[in-house]
Amino acid sequence: MNQQTYHQLSIQDPIGFWKQASDLIDWKVKPETILKQNTNGYAQWYPDGFLNMSYLCLDYHIEQVKGHDIALYWDSPVSEQKKEITFLQLRNDVAKFAGGLHKLGLKKGDRAIIYMPMIPEAIIAMLACARLGVTHSVVFGGFAAHELAIRIDDCAPKVIITANYGIEVNKQIPYLPIIEAALNQAKHSPKHTIVHYRKTQFPDSYYEKGLNFSDLIQQPLVFDPIPVESTHPLYLLYTSGTTGAPKGVQRDTGGYATALKFAMQEFYNAKEGDVFFSASDLGWVVGHSFIAYGPLLHGCSTVLYEGKPIKTPNPGAFWRLVENYQITHLFAAPTAIRAIKKEDPDGIFYQKHDTTTLQHIFLAGERCDITTYEWLNSLTQKPVIDHWWQTESGWPMLGMMQTFENSQPKAGSAGLPVCGFDIQILDEAGQQLPAHTEGYIAIKLPLPPGCLQTLWGNEALFEKSYLQHFQGYYTSGDGGYKDSDGYFYVMGRVDDVINVAGHRLSTGEMEEIIATHPDVAECAVVGVENQLKGQVPVAIVVKKDGTLSEKMEAEVVQLIRQQIGAIACLKTVYSSQRLPKTRSGKVLRKTMRLMLEGKTFQIPSTIEDPEVLNELTALFNTIR
Ligand code: COA
Ligand code: AMP
């Protein structure tokens with residue numbers, strides 16, 4: 001069988017296919033109903049099954065006499081610390097911390113926000129929540145107070161679990177002032193803040209606040225996993241949409257566990273005992289699925305890395321990790337590979353390490369350019385697999401499934417549809433387009449297990465964002481085409497979402513923030529191609545009167561850093577007299593992006609005032 005035939009089976013008989021896949025996990029109560037479709041065609045998977053994710057990731061392996069195997073390698077060059085944690089040790093910490101949370105009154109159905117750096121306590125917190133049926137929401141530690149406040153208000157957590165600081169290469173990032181500022185901005189007040197006080201080479205930072213993580217983890221109450229309904233929300237993960245408000249992607253438990261088990265086994269071709277290293281952050285979906293839950297669920301060791309691909313201390317960092325932990329599966333964003341390539345183009349650092357254990361390298365998070373793909377392929381001589389997925393999907397939708405020996409990737413393509421995803425290229429009217437014609441990437445309902453259930457507390461926005469554009473389909477927000485062999489090419493977003501160093505950001509949100517500057521009349525933010533980061537945002541700002549001073553440009557940059565965080569990477573601000581618009585008032589962002597990238601563009605017939613484009617061309621030409 002090849003991937004396409006296997007995929008066809010999953011599409012023709014989703015119930016039979018996903019029933020078989022669900023047998024791979026140890027349910028407390030096995031589901032009798034496999035698929036229930038809502039009136040809008042959307043799927044609920046295994047609605048009458050019961051299980052617990054923390055049990056599957058920990059206790060299950062202990063019962064299989066694997067308790068002394070390594071569950072987690074923590075490697076932190078930025079704090080000069082390392083740790084090896086077995087399944088047994090991790091289970092004990094998780095059970096005790098869950099006991100501590102229970103004593104604080106946390107129970108199934110409550111929410112907890114986790115705002116932590118890449119330390120084992122973050123995974124302990126996630127698994128402890130899962131153990132209790134508390135829905136967690138991990139917020140990426142690079143987000144500023146404003147972003148945290150939005151999430152606090154949206155999911156109304158009972159507790160925030162944090163640490164005293166994170167470390168960015170050699171910079172200490174104090175978290176407690178960020179938490180304090182977020183709590184001041186938010187309307188909702190969580191009952192408790194729990195702080196893990198790290199001890200590293202940095203000075204003890206800062207003041208004592210809230211409850212101490214280590215007190216909670218040291219208390220004697222050990223908590224057993226509570227079986228929850230398959231549809232019980234394991235987590236909420238906020239992601240950028242087209243507006244200022246991030247969307248709370250809600251993930252179930254049973255569908256997700258089944259999908260991750262299937263992905264580990266059938267897509268990544270990982271075996272129990274393999275070592276999985278996803279070079280992401282727990283605050284992103286990759287971190288949830290393939291640092292925390294997927295590898296642990298499958299009995300693999302996972303590597304939690306608090307460092308960068310370069311600078312900590314050099315571009316050999318990933319290869320050192322491969323050698324030290326005998327990593328079999330490496331997963332990174334193309335940006336990380338571009339950064340390594342830039343600093344080590346001839347692979348001198350690569351050659352210093354023994355990478356023979358490495359079986360596959362997976363790339364995702366953004367489109368991978370062919371040069372980077374080929375460089376990595378020729379340097380490592382390992383299969384390099386680009387694969388496409390989103391926060392919403394939770395696991396790969398396109399990619400070459402590594403269980404098939406004859407699986408041949410094509411450079412520049414994200415590969416073939418993964419089982420369960422009936423992916424089609426549609427035109428504006430919802431008609432399927434022929435090969436080599438670019439259109440919207442949409443997925444015929446029902447989506448397979450593991451994908452988002454809804455948006456937290458906002459079913460109407462869920463339907464509007466994903467289900468209403470094309471009747472009977474999930475709209476991905478990406479555009480692309482397929483070739484005559486059925487391989488897909490994902491070309492980028494069709495909305496106002498941009499991808500900066502594999503981080504998904506909303507230009508709409510940036511515009512809303514810039515518009516709060518008292519001297520800004522209007523503005524547009526567009527994502528412009530960048531050799532290292534894929535895209536970076538550029539702001540075009542119209543001042544209420546006159547042109548922007550350098551001081552005001554700096555204020556605009558600072559606003560974004562303060563409100564979203566430095567990861568937004570907005571560094572360029574242009575002053576313009578006007579913005580190009582259609583007669584109906586729509587700002588021509590795509591046209592401005594093409595102009596900034598020096599590409600040819602067509603002047604839309606609906607433009608209100610073509611002269612504005614000449615002004616902008618002159619402006620951009622002087623700067624480029
Ligand atoms: N906490 C606080 N600040 C953070 C942060 C965090 N967790 N992560 C990043 N930042 C800050 C950085 O310090 C930097 O601040 P500065 O502008 O003051 O220097 C800014 O955000 C931009 O960071 P980054 O995007 O990491 O850029 P960089 O130039 O420092 O590093 C790369 C470039 C390519 C090494 C880096 O972008 C990278 O590792 N990319 C891969 C990311 C990834 O794995 N994405 C996939 C997610 S699935
Ligand atoms: P996120 O939800 O943060 O994981 O971002 C998802 C978005 O990243 C997708 O909608 C795509 O635009 C982009 N993306 C992820 N993986 C790929 C890939 N392999 N190729 C092209 N784009 C990708």
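The residues on offer are Thr547, Thr622, Thr600, and the sole one that is part of a loop (DSSP other than H, G, I, E, B) and more than 17 Å from Val526 (Cα to Cα) is Thr547. Residues that are surrounded by fewer than 19 Cβ atoms within 10 Å (Cβ to Cβ) and at pLDDT 95 or above within the range 482-510 comprise Asp483, Ser484, Asp485, Gly486, listed in sequence order.
Scanning the range 511-521 finds one or more residues that are farther than 24 Å from Leu416 by Cβ, open to solvent by 50 Å² or more (accessible area, probe 1.4 Å) and among the aliphatic types (A, V, I, L, M). State the number of residues belonging to the range 358-401 that are farther than 22 Å from Leu447 by Cβ, part of a loop (DSSP other than H, G, I, E, B) and away from ligand 1 (no atom under 15 Å from the Cβ). So the count comes out to 5. Thr162 meets all of the listed conditions (1) more than 16 Å from ligand 2 (Cβ to nearest atom); (2) buried (at least 24 other Cβ atoms within 10 Å of the Cβ); (3) over 23 Å from Asp75 (Cβ atoms); (4) of a type in the set (S, T, N, Q) but one, namely (3). Annotation: of all residues in the range 255-279 being crowded, with 24+ Cβ neighbours inside 10 Å and of a type in the set (S, T, N, Q), the one that is nearest to Asp48 (Cα to Cα) is Thr258.
When you look at Leu532, is it within 30 Å of Lys341 (Cα to Cα), out of contact with any strand residue (DSSP E or B) (no Cβ under 9 Å at 6 or more places or on another chain) and at pLDDT 90 or above, yes or no? Taking the combined requirement at face value, the residue satisfies it. Restricting attention to the range 434-469, the residues that are open to solvent by less than 20 Å² (accessible area, probe 1.4 Å), within 16 Å of ligand 2 (Cβ to nearest atom) and out of contact with any helix residue (DSSP H, G or I) (no Cβ under 7 Å at 6 or more places or on another chain) total 9.
Answer yes or no: is there a residue in the range 302-322 that is within 16 Å of ligand 2 (Cβ to nearest atom), over 30 Å from Pro14 (Cα atoms) and out of contact with any Pro (no Cβ under 8 Å at 6 or more places or on another chain).
no
Scanning the range 1-15 for residues that are assigned to a helix (DSSP H, G or I) and either charged (D, E, K, R) or under 17 Å from Ala257 (Cα atoms) (or both) turns up Pro14, Ile15. The condition (being within 18 Å of Cys57 (Cβ to Cβ), touching an Asp or Glu at 6+ places or on another chain (Cβ under 6 Å) and either touching a residue at least 24 places away in the same chain (Cβ under 8 Å) or surrounded by fewer than 24 Cβ atoms within 10 Å (Cβ to Cβ) (or both)) is satisfied by just one residue among Val78, Val138, Val94, Val134: Val134.
The values are calculated or read from the model by the stated rules, or taken from the named source; none is laboratory data. Note that the coordinates shown come from a computational prediction; the quantities given were computed from them, not determined experimentally. Here the Cβ is made from the backbone with ideal geometry for all residues, glycine too, and neighbour counts use every protein chain on show. The area values use the complete protein model at the heavy-atom level, side chains included, leaving out ligands, DNA and RNA. Shrake-Rupley method; radii C 1.70, N 1.55, O 1.52, S 1.80 Å.
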